[in-house]
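Only one structure is covered here, and it is reproduced in the block below.
Just so you know, all these numbers are worked out from the coordinates, no wet-lab data involved. Bear in mind that the values here come from a model prediction, so they are computed numbers and not experimental data. Using ideal geometry, Cβ is built from the backbone for each residue, glycine included, and neighbour counts are taken over all protein chains shown.
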Amino acid sequence: MCSPQSEPSPSTERGLTALLIVLAAALAAAQQPDAVPPAGGTFDVRHYAVTLDLAVAEGTVTGTERIELTVDQPTSSLVFDSGALTIDSVRALQVGTASGGTALPFRQAAQRLIVTLPVPARAGDQRRLDIAYHGAPRTGLTLLAKRAQAYTTFSTSQWMPAVNAPEDRATLDLEVSMPAGWRAAGNGREVERRSKGAKAVYRWRQARETASFLFGFVAGNFAEATGRRGNVSLRYLGSPFSSGELHRIFRDTPDMLAFFEERAGLPYPGDSYTQALVATSGGQELAGLSHMSEEYGRSVFDDFSATGLMAHELAHQWWGDLLTNRDWTHFWLNEGFATFMASAYKERARGREAYLADVDAWRRRVEQLRAAGHDKPLVFPDWNRPTADDRAVVYQKGALALHELRQQLGDAAFWAALRDYTRAHAGQSVTSADLQRAFEASSGRDLRAFFDEWVRPR
Ligand SMILES: [Zn+2]
């Protein structure tokens, strides 16, 4: 369910002086080609505009991208995550011009793109870059010619150069060309749908700043069903299902959406939400959409109580998307919350016993971790290669911690605090300290002992 897999970024070291960063970059370039500074360490991306052409049968993509950024530390280079993509050119544009620009020298190393600036940038400078690229993504973007599907999963920089660090939130214009006749959904609002030769072209605009790992789309020869909850239009896409089957599988979505809105104290952050059933997926949340596997869809069709995963992915639209962990060491604020909230919905829809069965399962998993000597606080530093047990800490132990907090505070104070926390930090990156402060302010309780026991690294 929506994991960072192999590429969580180390948190950027904001405390370094500008001089040290420039020296370190120069040293890395001169002596250690693989010691590349983290992407985005010296700037903040404001906007990405991407045009992506899918050659599904060939398994390849070509793209052009404009990146608008603000420099926040003096630097002579700009570093982006670029996965296994090949960069063809980088051009710098004057602010206020639409095209042209000056070709900039660049190199690629350690899955990053390092662009050299002829004149070092100062803090506050605004820069615009045009990047042309191509590639044959093996992760991040699945291109399935036989199944007539294409969809993204987590590793955004495998199909568009970006800053992976979740703290760098930006807006996105995304245009994708795909085989004619396909249906598709992307982040935010669909602003255009047209034909171009033998291709269909979709364009979406994500106007609310979002972490880049939530950028993406689903596309394919899908059946479609639609629904509505208040002002939110709902789309259900999938293959090989009929429209009627999709409607049945996702029949709880409006009810789930209403429940999370009530618990968050905030409306769903957008005007549409799409759920897609694709060939293979462990469950992936993206801004304004999610995908799950067709096998999962069939399991829901056979047993309507099996909606935990779709509730988990929908809960991420608030906890994960609207509020995003500032770095991966606080990933439990995304995953522990989504796991807990899916079970809270289950409690509402199917009763207390169903919820308590989930709590028992979390507790048993945490006991296994302890028996194996693999228990950790929810915040732990070595997130670069998470094991299955590390993921259990973040997901199941994270959910159990929220249940225990609910027990300590009582239902009224717990849900009020959760609402206060969500409202206070909507649209922001969060850490566990933000959660503690918000819960303490709301409940009037000192929660140091709880956070020492469950959350803080020892
Ligand atoms: Zn998740």
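Between rounded, prolate and oblate, where does the range 334-376 land on the alpha carbon gyration tensor, with a ≥ b ≥ c its root eigenvalues, rounded for a/c under 1.5, else prolate if a/b exceeds b/c? Don't skip to the end; give the middle numbers.
Details: a/c = 6.01, a/b = 1.88, b/c = 3.19.
Oblate.
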- prompt: Farthest toward the dipole's positive end in the range 131-197, which of ALA170, SER155, THR142, given Cβ charges of +1 (Lys, Arg) and -1 (Asp, Glu) about the Cα centre?
  reply: THR142
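Charges at C-beta only: +1 for Lys and Arg, -1 for Asp and Glu. How large is the resulting dipole of the range 52-182 about its Cα centre, in Debye rounded to 20? Please list the in-between numbers first.
Values: 11 positive and 13 negative charges, 49 e Å.
In debye, rounded to 20, the range 52-182 gives about 240.
Quick one: grab the alpha carbon gyration tensor of the chain, order the square roots of its eigenvalues as a ≥ b ≥ c, and give me rounded if a/c is under 1.5, else prolate or oblate depending on whether a/b is larger than b/c.
Values: a/c = 1.87, a/b = 1.21, b/c = 1.55.
In terms of gyration-tensor shape, oblate.
Rounded, prolate or oblate: which one fits the range 110-223, using the alpha carbon gyration tensor with axes a ≥ b ≥ c (rounded when a/c is under 1.5, else prolate when a/b beats b/c, else oblate)? Provide the component values of the computation, followed by the final result.
Details: a/c = 2.02, a/b = 1.77, b/c = 1.14.
Cα axes put the range 110-223 in the prolate bin.
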message: Just to be sure I understand the model, the point goes 7 Å from the Cα along the line to the Cβ. What's the resulting ARG228 to GLU209 distance in nm?
response: 3.4 nm
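Which is the longest stretch in the chain that no exposed loop site breaks, taking sites as GluC sites (Glu not before Pro) with a DSSP loop state and at most 13 other Cβ atoms within 10 Å?
Working: sites that count: GLU13, GLU58.
Longest site-free region, per DSSP loop and neighbour criteria: 59-458.
Are there trypsin sites (Lys or Arg not before Pro) in the range 74-127 that DSSP marks as loop and that have at most 13 other Cβ atoms within 10 Å, and which are they? All intermediate terms of the calculation are to be shown ahead of the outcome.
Numbers: sites: ARG91, ARG107, ARG112, ARG122, ARG127; in loops: ARG122.
Counting only loop positions with at most 13 other Cβ atoms within 10 Å, the trypsin sites (Lys or Arg not before Pro) in the range 74-127 are ARG122.
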- prompt: If you place +1 on the Cβ of every Lys and Arg and -1 on the Cβ of every Asp and Glu, how big does the dipole about the Cα centre of the range 304-458 come out, in debye to the nearest 20?
  reply: 100 debye
- request: At a Cα cut-off below 25 Å, give the lysines reachable from LYS376, other chains included and same-chain residues fewer than 8 away excluded.
  value: LYS397
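If the only charges are +1 at each Lys and Arg Cβ and -1 at each Asp and Glu Cβ, what is the size of the charge dipole of the chain around the Cα centre, to the nearest 20 debye?
540 debye
Would you compute, from DSSP H runs of 4+ residues alone, the mean residue ellipticity of the chain at 222 nm, taking -39500 (n - 2.57) per run and dividing by the full residue count, rounded to the nearest 500? Spell out each step's value before the answer.
Working: 12 runs with 140 residues, N = 458.
Using -39500 (n - 2.57) per qualifying helix, the result is -9500 deg cm²/dmol.
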message: At 7 Å along Cα-to-Cβ for each site, give me the label-to-label distance between ASP255 and THR70 in nm.
response: 4.5 nm
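How large is the convex hull of the C-alpha atoms of the range 327-458 per residue, in Å³? Mind showing how you got there, number by number?
Numbers: hull volume 14.1 nm³, N = 132.
Spread over its residues, the Cα hull of the range 327-458 gives 107 Å³ apiece.
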statement: The alpha-carbon pair-distance distribution computed for the range 199-262, with 5 angstrom bins and whole-percent values, is 3, 13, 19, 19, 23, 17, 5, 0, 0
